[in-house]
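Written below as structure tokens is the structure these notes are about.
Derivation of every value follows stated rules applied to the coordinates shown; laboratory data play no part. These numbers were taken from a predicted model, which means no experiment stands behind them. Neighbour counts are summed over all protein chains in view; Cβ atoms, including those assigned to glycine, are modelled from backbone coordinates with ideal geometry.
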Amino acid sequence: MKFVIRFLLILIFIFTVQSEALLAQTGWAKSYENAVVVTAEKHASQVGKRILQQGGNAVDAAVAVQFALAVTEPRAGNIGGGGFMVLRMDDGTTNALDFRERAPEQATKDMFIKDGEYKPDLSRRSALASGVPGVVDGMIKALERYGNLPLETVIEPAIQLAREGYKLTWLQAQDLNDKAEEFKQYRSSRRYFTKRDKTPYQEGDLFVQKDLAKTLERISRMGRDGFYSGLTADRIVNTMEEFGGIISYSDLKNYESKWRDPVKTSFKDYDLYIMPPPSSGSIAIAQMLTSLENYDLKELGFNSAKYVHLVTEVMRRAFADRAHFLGDPDFVRIPQSGLLDSAYNHDRMQSFRWDTVTSSNSISHGDPLKYQESNETTQYSIVDKNGNAVAVTTTLNGSFGNKIAVDGAGFLLNNEMDDFTAQPGEPNMFGLIQGKANSVAPKKRMLSSMSPTIVTKNDSTRMVLGAAGGPRIITATFQSFLNRVVFGMDPQQANSAPRFHHQWMPDKLYYEEFGLSPDTREKLKEKGHKLNPYGNIGRTHNIYIDNNGLKYGSPDPRGDGAAEGY
Ligand code: GLY
């Protein structure tokens, strides 16, 4: 008997220790009194925390995290791609930085059409797929305007991680192994991202990136010139020439990130500041919230058939407008105030019926001028001890971009050109049908779904939100917000609760497999929804701040995310 009890106690002990290890790995929410950093990867979160403890503010930490993610999350964290930053400083000022890639100067509207046919491989898996990278310019610009620390200090932890290496998690090893066949097509990518002995990566393998460390050192020493001219530029242009790409010295020299005004929208007692176009997320989230403002969502119940039906119809309408109206605001006139107008969005819901769907074929964009007054990204969120808040989403577009590493420089290039409309009516890699407003033109930025967002209540920051996941970024960010504000979910639930997604075309209601009960699915089918189970709908890495100022770092358990703070 004694033996049995002792055996049971040992089992309970092992189970408890393992569960704790599991919790630590899957990154459940943690609360901190002073400052918090949430990213998709634990080393990057630790780097952010260290910079904050060295006297850096949230912007210093964000820049350090971006460079660290370029080392520890090569799938999406990067220096060969672009992204968006939204910030709110302790004096209440808000700002948004657009460091999205731009089309090269030699890009043309029909560059992905050959013999009259759209060639998706060109916009996704070729050197032509790369836009001019914006990350390095963006990080330096953010640091110069808002940071406290020098570039060399914030980039140093990334250099160390690249030079000395870090141990791969199971997920990181799988991600690299999944793409091994594609990496093998390019000498540089094979060298950097597959093992010399040709065996697959294992959890715990030390991953060292010496050439990337040298590129980061050049950026540290020379700033912008360490990337956009000199040796790194030579290596980018050589890679382009070798594989038929068109990014030139002139593209690199002329690349500029841009400060823009965030889009502000309100819902209940909350104000949201979201990345403006060329992000489509701001307009879409604002439209969806405005369309829902007269409905009692709480009464409908979380993920009930009625709730999912209503919210899906709202998503459908917002994404139909996205397809038609949105593009780079430096190139196309976006009827922004009309799209954000309450009457416009309520009018769009006139065709909504509780008992049936409005099919996507029967619905198109609206007429906002009438109301006009005039699979892969990464999100990180930071709040420092003074209350400065930063939300950043950054990407190479596809997982590991176009899989082409710059030879001798150690980093991957993006395949962001696929976010343009290659041909009206043809879906991009996310199935999005887009319009002329988003067609390719030299120096134009491709439309994005990345939606970094800061939420305030009574003028104090209450949430820092955003997600990875192509168009699902928009709907995941939107649902995290609704989960917290409408249903009062705690910081962990708000991120981990099952999500759904509709993007107008294809006319499918995507849902996380175990997120809707069988009878809910039945009811939705009866109304005419075409249900499609889907793996993970977005990965959110959010911060929620409670009434007492306690900061909850809430990584998404759908990935390797981690919160760090003090
Ligand atoms: N590359 C995905 C996005 O920007 O929406």
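What shape does region 338-437 have by the C-alpha gyration tensor, where a ≥ b ≥ c are the square roots of the eigenvalues, rounded means a/c under 1.5, and otherwise prolate means a/b greater than b/c and oblate the rest? It comes out oblate by the Cα gyration axes. For region 70-220, the square roots a ≥ b ≥ c of the C-alpha gyration tensor eigenvalues yield an a/c of 1.5 or more together with a/b not exceeding b/c, which makes the shape oblate. Computed from point charges on the beta carbon alone (+1 for Lys and Arg, -1 for Asp and Glu), the dipole magnitude for the chain about its Cα centre is near 700 Debye. With the highest mean first, a sort of the peptides 281-294, 393-406 on other beta-carbon atoms found within 10 angstrom per residue produces 393-406, 281-294. Taking 16 Å as the straight-line reach from the Cα of Lys119, the lysines in range (excluding those fewer than 8 positions away in the same chain) are Lys109.
Of the residues Pro491, Pro368, Ala142, the one whose Cα sits farthest toward the positive end of the charge dipole of the chain, with +1 on the Cβ of Lys and Arg and -1 on the Cβ of Asp and Glu, is Pro491.
Once R0 is set to 22 Å, what does the formula 1/(1 + (r/R0)^6) return for the Cβ-Cβ distance between Ser266 and Asp90, expressed as a FRET efficiency to the nearest 0.05? The pair Ser266/Asp90 has a calculated efficiency of 0.50. Residue separation of Asp121 and Ser342 scaled by 0.36 nm, minus their Cα-Cα distance, works out to 75.5 nm of gained length.
Listed by chain and number, the lysines whose alpha-carbon sits under 29 Å from that of Lys457, ignoring those within fewer than 8 places in the same chain, are Lys30, Lys49, Lys141, Lys258, Lys264, Lys268, Lys298, Lys306, Lys385, Lys551. Dipole size of region 158-282 about its Cα centre, with +1 on Lys/Arg Cβ and -1 on Asp/Glu Cβ: approximately 340 debye, rounded to the nearest 20. Applying 1/(1 + (r/R0)^6) with R0 = 25 Å to the Cβ-Cβ distance of Tyr249 and Arg191 gives a FRET efficiency near 0.50.
Protection proxy ranking for 376-385, 209-218, using the average of other Cβ atoms within 10 Å per residue and placing the highest first: 376-385, 209-218.
In the chain, the calculated helix contribution to ellipticity at 222 nm averages -11500 deg cm²/dmol per residue, counting -39,500 (n - 2.57) for every DSSP H run with n ≥ 4. For region 234-243, putting each phi into the Karplus relation 6.51 cos²θ - 1.76 cosθ + 1.60 with θ = phi - 60° gives couplings of 4, 5, 5, 5, 4, 5, 4, 5, 5, 10 Hz, in residue order, rounded to whole numbers and with x for Gly and Pro. Of the peptides 550-561, 513-524, the ranking by mean beta-carbon count within 10 Å, highest at the top, reads 550-561, 513-524. Amide H contacts under 5 Å for Leu509: Lys530, Leu531, Asn532, restricted to partners 5 or more places along the chain or on a different chain, H placed in the peptide plane at 1.01 Å from N.
The distance separating the Cα centre of region 454-529 from that of region 95-161 comes to 29 Å.
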